[in-house]
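The values are calculated or read from the model by the stated rules, or taken from the named source; none is laboratory data. Values in this document were obtained by computation on a predicted structure and should not be read as measured data. Neighbour counts run over all protein chains shown; Cβ positions are idealised from the backbone, glycine included.
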Amino acid sequence: MDRKRYALNRNQPRPWWLFLAWVWLALVPLLANGCETEQPRVYRVGILSGLDYFVEVTDGFKAGMAELGYLEGQHIIYDVCRTNFDEETYRQALQQFVADGVDLIVAFPTEAALEAKAATAGTGIPVIFALAFTEGVDLIESVPEPGGNITGVRYPGPDIVLKRFEIMHELQPQTRRIWVPYQRNYLTVANQLAVLSPVVEAAGITLIEIPAANAAELEANLTAQATTVEPGMDAILFLGEPLTVTADTFAVIARFAAQHRIPIGGHSIFMSADHYGAVFGVDVNGFAAGHRLASLADKIFHDTPAGTIRVLSAESQLQINYHVAEELGLTVPEGLLKEADEVVR
């Protein structure tokens, strides 16, 4: 066989397709990297739900975030700690959130927000509070400029307690003694009483303050009242505080009020015991307040410092239990019925 016939002529140009193959092999990795889909950032949010009465805040916040495009499990992950007025649990949950390096902490109500502010000091983790008092507590610097790493939706406590008194006075103008139970040493009570007391006094009405640590202590006070000829009060009015929104405490108050036919002006007409509840309620909507938090979180996730975002105020709503009013012989003015957001007949 003639081997020269198969010898490579090194002076002959290489085939053009071989050159293209080399170019293709060099470009494939670069093209592959360029075609990879960029993965969206997944935000981690710690939520401290500190009072069962406001548990709907969490649902409202999640719904608001979903509407803004933050889909749970895809763009955002929630770590929710739910407790009921337990400050030690607040601290433990917040310590874990900080240790986990979450991108944001949502905390409510007031005590939980204050604990969140303290726990995140120096960490750079922003905090959004919901339904927290801003009067008389060291939570923010001001509503327009909350400062630090915090912003949120405030609870308009002073406005709400004045509204509750005005409605009670309108429904039962002959009232001369109003019984006011509340959590002893609770940090927001003094501020509300400072606003309420002068108005009540000017109307010729006496406030009977009843601080208590728990339902049992409050029940003992009411039991002592029941041994007298008459109950010693004409109406019961609630402040914005945690004792009266816990189920066992409300049950104690409602049973006494039903027995003595005393109207309750409170938080929600849908809290009841033995089919007796408040004749009216003035309070905020937890779901709506939580929903408003979402816009604040979105700003923070787009690099706006929390402390520069104006604090929002939750809007109050009026509920009237017309059925209870009729049972007590109270006349509900037509104007009040028109003002109400909800009337149960």
Q.
Show the residue pairs meeting these rules: Cβ distance below 7 Å; 6+ apart or different chains; first residue within the range 136-163 and under 16 Å from N285 (Cα atoms); second residue charged (D, E, K, R) and not in a loop (DSSP other than H, G, I, E, B).
A. V153/R292; I160/D283
(Q) Take the conditions surrounded by 21 or more Cβ atoms within 10 Å (Cβ to Cβ), touching a Leu at 6+ places or on another chain (Cβ under 6 Å), closer than 21 Å to H267 by Cα and modelled with pLDDT of 95 or more and apply them to F61. Does it pass? (A) no
Q) Do you know which of the residues in the range 329-345 that are more than 28 Å from the chain's Cα centre (by Cα) and under 21 Å from R261 (Cβ atoms) is modelled with the lowest pLDDT? A) R345
Q. For the range 140-169, what are the residues that are crowded, with 16+ Cβ neighbours inside 10 Å, touching a helix residue (DSSP H, G or I) at 6+ places or on another chain (Cβ under 6 Å) and not in a helix (DSSP H, G or I)?
A. P146, G148, N149, I150, T151, V153
Q: Would you point out the residue of the range 186-215, among those that are without any contact (Cβ under 8 Å) to a residue 24 or more places away in the chain and surrounded by 12 or more Cβ atoms within 10 Å (Cβ to Cβ), that is farthest from L114 (Cα to Cα)?
A: S197
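Do we find a residue being over 22 Å from M271 (Cα atoms) and either small (G, A, S) or not assigned by TED's automatic domain parsing to the domain that holds I253 (or both) anywhere in the range 210-225? Write out each step before concluding.
Of the range 210-225, the ones over 22 Å from M271 (Cα atoms) are 224-225.
Next, only the ones that are either small (G, A, S) or not assigned by TED's automatic domain parsing to the domain that holds I253 (or both) stay: 224.
Yes: one or more hits.
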Q: Please give the number of the condition A258 fails out of (1) buried (at least 22 other Cβ atoms within 10 Å of the Cβ); (2) without any contact (Cβ under 8 Å) to a residue 40 or more places away in the chain.
A: (1)
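Here are some residues: A93, A99. Which one is out of contact with any helix residue (DSSP H, G or I) (no Cβ under 7 Å at 6 or more places or on another chain), of a type outside the set (D, E, K, R), touching a residue at least 40 places away in the same chain (Cβ under 8 Å) and part of a helix (DSSP H, G or I)?
Numbers: A99 fails: touching a residue at least 40 places away in the same chain (Cβ under 8 Å).
Selected residue: A93, the only one of A93, A99 that is out of contact with any helix residue (DSSP H, G or I) (no Cβ under 7 Å at 6 or more places or on another chain), of a type outside the set (D, E, K, R), touching a residue at least 40 places away in the same chain (Cβ under 8 Å) and part of a helix (DSSP H, G or I).
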